1. Out of curiosity, is L53 hydrophobic (A, V, I, L, M, F, W, C), surrounded by 15 or more Cβ atoms within 10 Å (Cβ to Cβ), within 30 Å of M168 (Cβ to Cβ) and in contact with a Phe, Trp or Tyr (Cβ under 7 Å, 6 or more places away or on another chain)?
2. Return the residues of the range 107-130 that are assigned to a loop (DSSP other than H, G, I, E, B) and of a type outside the set (D, E, K, R); say none if nothing qualifies.
3. If the Cβ limit is 6 Å and pairs must be 6+ apart or interchain, which residue in the range 169-192 that is surrounded by 12 or more Cβ atoms within 10 Å (Cβ to Cβ) pairs with which residue that is at pLDDT below 95 and not in a helix (DSSP H, G or I)?
4. So Y90 ticks every box in (1) within 15 Å of the chain's Cα centre (by Cα); (2) assigned to a helix (DSSP H, G or I); (3) at pLDDT 85 or above; (4) not β-branched (V, I, T) but one. Which box is left unticked?
5. Just give me the residues in the range 93-105 being part of a helix (DSSP H, G or I) and either free of Cβ contacts under 8 Å to residues at least 12 places away in the same chain or buried (at least 18 other Cβ atoms within 10 Å of the Cβ) (or both), in sequence order.
6. What residue, of L6, L29, L37, is under 21 Å from the mean Cα position of the chain (by Cα) and free of Cβ contacts under 8 Å to residues at least 24 places away in the same chain?
Amino acid sequence: MVVDVLMAMLDRGGYHPVSAGSGEECLRLLKETKPDLILLDVKMRPLSGWETLRRIKDEPETRHIPVAMHTGKHLTPAEIQQYGGLIEDYILLPTTHRELFDVIEYILNKKVQIEQEVEIARRAGADVKLIEEFRYLSGSVDTFRRLIRLLELSLRTDVSIRIGEHLMNAIKSMTTSEKCMERRLEELKRQFHGMGRREGV
């Protein structure tokens with residue numbers, strides 16, 4: 001099973017993984033433990049990976065845990081638009097140990113960096129809603145960029161995917177959205193850093 005292979009890879013990498021055989025079991029485990037990162041398979045049944053993701057992000061106690069999809073299913077534009085803001089990455093199987101570990105470390109390091117910047121903004125007295133917007137954008141901008149690149153790669157390598165005008169327009173729309181998010185994120189960073197200088201943070 002894929003989960004057994006993944007567990008063995010993570011063990012060899014020095015991580016301490018806990019596995020769940022279904023989306024329902026994953027949600028039950030999250031009531032008892034709060035991991036640093038969650039890896040979800042899109043094609044779980046009966047509760048899909050996407051629905052499991054949605055429920056994780058709906059809960060205040062788990063919504064800030066980073067989630068990456070780890071699956072053999074190619075990503076679609078509709079999935080990026082619907083779920084791109086909720087995940088940290090989309091790891092397409094097959095993957096090597098090194099590729100998997102690089103993604104995990106990148107996500108964990110990004111989480112630490114975001115929390116440090118959030119704490120600076122909080123200490124400077126930034127508005128709570130702006131802080132939450134900053135947290136969301138900090139996690140989403142780079143993720144959207146990576147997902148768009150992954151989609152473009154899939155279009156070049158998977159001959160079963162038909163490239164039509166609708167699909168190309170979707171990619172252009174997502175790219176435009178990512179640029180708008182990036183500009184807003186930079187605006188918030190400047191605002192927070194300016195507050196920090198005034199407060200001596």
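The values are calculated or read from the model by the stated rules, or taken from the named source; none is laboratory data. Remember, predicted model here, so these are calculated numbers, not experimental data. All Cβ positions, glycine included, derive from the backbone under ideal geometry; neighbour counts span all protein chains shown.
1. It is true that L53 is hydrophobic (A, V, I, L, M, F, W, C), surrounded by 15 or more Cβ atoms within 10 Å (Cβ to Cβ), within 30 Å of M168 (Cβ to Cβ) and in contact with a Phe, Trp or Tyr (Cβ under 7 Å, 6 or more places away or on another chain).
2. Result: A124, G125, A126.
3. F192/A126
4. (2)
5. If the condition is that a residue be part of a helix (DSSP H, G or I) and either free of Cβ contacts under 8 Å to residues at least 12 places away in the same chain or buried (at least 18 other Cβ atoms within 10 Å of the Cβ) (or both), then R98, E99, L100, D102, V103, I104, E105 are the ones that fit.
6. From the options L6, L29, L37, the qualifying one is L29.
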